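The values are calculated or read from the model by the stated rules, or taken from the named source; none is laboratory data. The structure presented is a predicted model; accordingly, all values stated were derived computationally and were not measured. Counting neighbours? That spans all protein chains shown, and the Cβs are built from the backbone with ideal geometry, glycine included. To get the accessible areas, we keep the full protein, side chains included, count just its heavy atoms, and leave off ligands, DNA and RNA. Shrake-Rupley method; radii C 1.70, N 1.55, O 1.52, S 1.80 Å.
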Amino acid sequence: MNMLRYSALVGSALCLLALPVRAEVWGIKSHDPASAPPVTLFHFDEQGGGLQTVGVIKLGGSQIDVDGLALNRAGVLYAFEVELAGTRSRLLHIDKATAAATAIGPYLAGRDIRGATFSSQGELITLDATNNQLLRIDPDTGLMLGTPVDLTDEGGPLDIANYTDIAQQADGAFLLGGSDGRTFYRLRLPGGLTEPVHTDNAAGPDGWTVTISGLAFSRYADPDLLFMYDVSIDDDIYTYRTDAGFARNALYRDIISGYNAGRGDLAAAPLGPVSLLERSATWLGLYDAGRETLPDRQGWHYTNDPAGPDPVLAGGILHQGPTGEDQHQYWKYSDPYLCFSAGHGSVVEWYLKVISSAYLDDIGNDRWRTGYAVWISDENGRLFEIGIAQNGVILSHANEAYHADSSAFVTFDTTDTFHHYRFLVEAGMGSLYIDDALIVFLATGAANEYPTNTVTFADQTNTAGSETLLSFIRYGAIRRPGDANNDGAVDLKDLAALANAWLMAGCSCQADCHNADFNQSGQVDLGDFVYLGAGWD
């Protein structure tokens, strides 16, 4: 980086010392009656404050009716033009700076797209209110992908009406609004069966019960915090704690008070991981079987009690097992500095072939066990366990014995060959990749009794056996030099974070210093500024 650019960054840092760094939720508000142009684009701070209007959405200079707002992981904003009384819709790109719309692809006849979200895997998922169906839309062409999914509730059709929306939760399930405007429904794909999870019958500050018109979770906010846009009378923004009985809080009252809403929507950066391929890591510990020594000779503590067969090294591969149902042997490393928080993050990756590994479901006290597993716990005592059976994987964030809070079992042939497993924990989410494909993810759980700052692998259970071949396992801290807000870019927002944290000390997992301690030195100084400059987009 040349001195002129360096000086410009320093000057910008000094100017931006007072600027807060927060991500945004985007919204649209149409006019009453029902849904009509002009439609106003707005955004607000996820933490509260800073609601701003951008302007009226126009296509080719003309005002249009718009719904189904969605934001992808790269920050690109999409929506759907709806017209002719909801008889056709087409995909739009919305310029976040000007509210200008650009059409993508043709109209979808007979479709009334009123809810949309990008899933954790990058799919554009939408709700068609005319047919009460879920559709997948190609964001590049605007065309429908695959077969529509009929939404049902206890065997019958679920009426979602045209003021609905959809958002994906941290565990992969979706929430959507029903036709009464007050009930949240939970949906798991690939089927369309929904179940009601909460009905909000409490009157708001305006004296009216809510009408759910927009829903959003954000990867930059608590994964259990649901944002909801209410179009009853005063058009309010609420948050709900989905982990605390949908406890409601009023975030904004009577937004854009100059007119009453017909319909509206919300969108935010989707939950779920950014691919590990987009992240680099500082490796803190490694077991490499290619060194032809057992893990305990490379710093890992060995437990073999009740005793199983001795592990064998041959040709740079660690052969372990077969262990019996009443045997367990495993290796644990207890020295790493690990953190699951946003701005830090941890990763474990390993190269493994499973010969056999049992999966036992519901063996009492809501437990599950696989013969082979990998555990990772952080400085705050939070834990993930990745269970690997011969026919699939499962993920838990509870503790090493009781697994009531876990993902569904995901079918995968782990025996056919060596597979590259990567487990990334970041921004409140734990995500398992196999051969660079996202397999399953789960929100970070609460602290538990498991030892902090540990990585453990192999067969730690005495209820299921396994036999495996391992090439290596390593763990480390995710580095994002300069990317303080984890949006994939290094820009003025990250410079503002650095400026806000300038000369802070004692940075750690506990004190994140606005995520600006890029070189993990424990303080924010010129060393971090150099990191930011090197990564500047």
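What are the residues in region 126-185 that are in contact with an Asp or Glu (Cβ under 6 Å, 6 or more places away or on another chain), charged (D, E, K, R) and in a loop (DSSP other than H, G, I, E, B), if any?
Passing the criteria: 165, 182.
Residue by residue through region 204-218, note down the ones that are at pLDDT below 90 and either in contact with a Ser or Thr (Cβ under 9 Å, 6 or more places away or on another chain) or under 10 Å from residue 46 (Cβ atoms) (or both).
Scanning region 204-218 gives 204, 206, 208, 218.
Mind checking whether some residue in region 180-192 is within 22 Å of the chain's Cα centre (by Cα), of a type in the set (A, V, I, L, M, F, W, C) and open to solvent by less than 40 Å² (accessible area, probe 1.4 Å)?
Checking region 180-192: at least one residue is within 22 Å of the chain's Cα centre (by Cα), of a type in the set (A, V, I, L, M, F, W, C) and open to solvent by less than 40 Å² (accessible area, probe 1.4 Å).
Which of the following residues is touching a residue at least 12 places away in the same chain (Cβ under 8 Å), surrounded by fewer than 18 Cβ atoms within 10 Å (Cβ to Cβ) and not β-branched (Val, Ile, Thr): 150, 128?
Result: 150 is the single residue among 150, 128 that is touching a residue at least 12 places away in the same chain (Cβ under 8 Å), surrounded by fewer than 18 Cβ atoms within 10 Å (Cβ to Cβ) and not β-branched (Val, Ile, Thr).
Any idea how many residues of region 290-331 are without any contact (Cβ under 8 Å) to a residue 12 or more places away in the chain and in contact with a His (Cβ under 9 Å, 6 or more places away or on another chain)?
1
Condition (residue is over 21 Å from residue 166 (Cα atoms) and touching a residue at least 12 places away in the same chain (Cβ under 8 Å)) applied to region 71-84: is it met by at least one residue?
no
Please report, ordered by residue number, the strands (runs of 3 or more DSSP E) entirely within region 27-104 with at least 2 residues that are open to solvent by less than 40 Å² (accessible area, probe 1.4 Å).
Of the strands (runs of 3 or more DSSP E) lying wholly inside region 27-104, those with at least 2 residues that are open to solvent by less than 40 Å² (accessible area, probe 1.4 Å) span 36-45, 66-71, 77-83, 88-94.
Step by step: first the residues of region 314-325, then only those that are modelled with pLDDT under 90 and surrounded by fewer than 23 Cβ atoms within 10 Å (Cβ to Cβ), then the one that is nearest to residue 352 (Cα to Cα). Which residue is that?
317
Kindly state which strands (runs of 3 or more DSSP E) lie completely within region 199-252 and contain at least 1 residues that are out of contact with any Lys or Arg (no Cβ under 9 Å at 6 or more places or on another chain) and open to solvent by 10 Å² or more (accessible area, probe 1.4 Å).
Once the strands (runs of 3 or more DSSP E) in region 199-252 are filtered for at least 1 residues that are out of contact with any Lys or Arg (no Cβ under 9 Å at 6 or more places or on another chain) and open to solvent by 10 Å² or more (accessible area, probe 1.4 Å), what remains is 247-252.
Taking interchain pairs and intrachain pairs at least six residues apart, which have beta carbon atoms under 9 angstrom, with the first residue in region 251-266 and more than 15 Å from residue 216 (Cα to Cα) and the second open to solvent by 40 Å² or more (accessible area, probe 1.4 Å) and β-branched (Val, Ile, Thr)?
Listed pairs, sorted by first residue: 254/233; 255/53; 256/53; 260/233.
Given the structure, is residue 458 open to solvent by less than 20 Å² (accessible area, probe 1.4 Å), hydrophobic (A, V, I, L, M, F, W, C), modelled with pLDDT of 85 or more and at positive phi?
Yes, satisfied.
Tell me which strands (runs of 3 or more DSSP E) are completely within region 337-429 and hold 2 or more residues being at pLDDT 90 or above and either open to solvent by less than 20 Å² (accessible area, probe 1.4 Å) or among the hydrophobic types (A, V, I, L, M, F, W, C) (or both), or say none if there are none.
By residue number, 346-357, 372-377, 383-389, 392-396, 419-426.
For region 462-501, which residues satisfy the criterion of being out of contact with any helix residue (DSSP H, G or I) (no Cβ under 7 Å at 6 or more places or on another chain), part of a loop (DSSP other than H, G, I, E, B) and at pLDDT 75 or above?
Those that are out of contact with any helix residue (DSSP H, G or I) (no Cβ under 7 Å at 6 or more places or on another chain), part of a loop (DSSP other than H, G, I, E, B) and at pLDDT 75 or above: 464, 465, 491.
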